[in-house]
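Notes for the one structure printed next.
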Amino acid sequence: MLKEQVSHHAHDEEEAKLFPLLRESMDADELAGLGNEILVLFEDLLASEPRWQVPQQTDEAAALRA
């Protein structure tokens, strides 16, 4: 279910709606700068392994919906 929701969000929301708006409102240099910022954030996340911090940041699991 999660995979389906993430896929829907990525394709239908981001690629179909958000990205075209960005392409229309930003020039090539601005888009390149944004891409570079996202790449730096991505590399920082990979290096910091945030998934290993979850147990220390979560007291208990969220309740599952029936």
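The values are calculated or read from the model by the stated rules, or taken from the named source; none is laboratory data. The shown structure was predicted, so the numbers you read here are calculated from the model rather than taken from an experiment. Backbone-built Cβ (ideal geometry, glycine too); neighbour counts: all protein chains shown.
Somewhere in the range 42-64, is a residue among the β-branched types (Val, Ile, Thr) and surrounded by 10 or more Cβ atoms within 10 Å (Cβ to Cβ)? No, the range 42-64 contains no residue that is among the β-branched types (Val, Ile, Thr) and surrounded by 10 or more Cβ atoms within 10 Å (Cβ to Cβ). What pairs come out if I take residues in the range 37-51 that are among the aromatic types (Phe, Trp, Tyr) and pair them with residues that are surrounded by 10 or more Cβ atoms within 10 Å (Cβ to Cβ) whose C-beta lies under 8 Å away, six or more apart or interchain? Here the result reads none, with nothing in the range 37-51 linked to a residue that is surrounded by 10 or more Cβ atoms within 10 Å (Cβ to Cβ). Counting only helices (runs of 4 or more DSSP H) that sit completely within the chain, those holding 3 or more residues that are among the small types (Gly, Ala, Ser) and either in contact with a Gly (Cβ under 7 Å, 6 or more places away or on another chain) or modelled with pLDDT of 85 or more (or both) correspond to 28-48.
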